[in-house]
Amino acid sequence: MSKILYRDPKNGKLGGVCAGLAEYFGVEIWLVRILTVSAFLFGGGFFVTLAYIAACLILDKMPEERHQQQNIYKEHNVKQKPWQAGRPPEQVLESVEAELNSMEKNLRKMEAYVTSSAFKVAREFKNL
């Protein structure tokens, strides 16, 4: 999947440029915002403002499908370190355990259906 830079107004404060940059580079939004404000305050105010306005005008809004996909990835933060998600390790383990229990429950339902006679009858009718 190729990465495309978008504005993310749903997660943004002004135009969504910082949120889009954070999503593109895979970093936290607050970090990009701090870097932007720091660059503004420490001598690059005019250029930062000009670049931000230009990015607002040039970059497209993030499509809704991409935003939904982004939310799905945010829900699955197994690969994130606990300090990145801002949660203690015990809470991360509890959420992972709950997610695995949910998947096991769904797997048991699928297994019960696949081994049932209803599945065999449905499969025979499809082969006709």
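Read-outs throughout are calculated quantities, based only on the coordinates presented, and are distinct from any laboratory measurement. This structure is a prediction, so every number in the text was calculated from the model and none was measured. Heads up, the Cβs are rebuilt from the backbone with ideal geometry, glycines too, and the neighbour counts pull from every protein chain shown.
Quick one: what are the phi-derived ³J(HN,Hα) couplings along the range 121-127, Karplus 6.51/-1.76/1.60 with θ = phi - 60°, whole Hz, x for glycine and proline?
5, 4, 5, 5, 5, 5, 7
Given 0.36 nm per residue, what is the gain on full extension from E97 to S116 after removing their alpha carbon distance, in nm?
Working: separation 19, 0.36 × 19 = 6.84 nm, distance 2.85 nm.
4.0 nm is the gain from fully extending E97 to S116.
Can you sort V121, V17 by how many other beta carbons sit within 10 Å, fewest first? Intermediate values should be presented prior to the final figure.
Values: V121 10, V17 26.
Ranked by crowding around the Cβ, least crowded first: V121, V17.
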